[in-house]
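For reference, the structure discussed in these notes is given below.
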Amino acid sequence: MALLVLAGCGTTATIQEGDLQHQVRINRSTPSELFVQTNEGERTIARAGISDIDHPGNVLAVAGLPFIALGAANLLGVWNCGDGESSHAFCMSSGVGVVSVSVGLLMTIWGATTWDRSRRAAGAGAGQP
């Protein structure tokens, strides 16, 4: 399941250039342009025409947090799942709790790393979009 989610989360940024939207991977940048990878090869996009960049990975990074929280809470015994009388919807075996935490960590790390790589390649820390 986690692999399907990760495979569906691409590494392409959405760049708004006027009325056009580009789904591209940002390779690197200069103060005046971005060097992006398309299906046809590398090309440049002038910064002057860019109104917005939606970097990939942030949604996946946030989506992993509930998996971490739910698995950790279960492993810590928040719902007393081992009392034999528990009917809590969130109760799971400790093995499933470990899997939930692991999947959540993988999602969050993958997403955050992808987001950071794209922002760095775009030079977002230099006051650029």
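Please treat every number below as a calculation from the coordinates, not as lab data. All values derive from a computational prediction rather than experimental measurement. Cβ sites come from the backbone with ideal geometry, for glycine too, and all protein chains shown count toward neighbours.
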Checklist entry - What is the order of THR113, THR12, fewest Cβ neighbours within 10 Å to most? => result THR113, THR12
Next on the checklist: At 0.36 nm per residue, and after removing the present C-alpha to C-alpha distance, how many nm does the segment from LEU76 to ALA48 gain when stretched out fully?
Outcome noted: 4.9 nm
Next on the checklist: For a test of the definition: using alpha carbon positions, the gyration tensor, and the 1.5 limit on a/c, classify the stretch 21-70 as rounded, prolate or oblate.
Outcome noted: prolate
Checklist entry - What FRET efficiency do you get for GLN23 and THR113 if R0 is 25 Å and r is their Cβ-Cβ distance, rounded to the nearest 0.05? => result 0.80
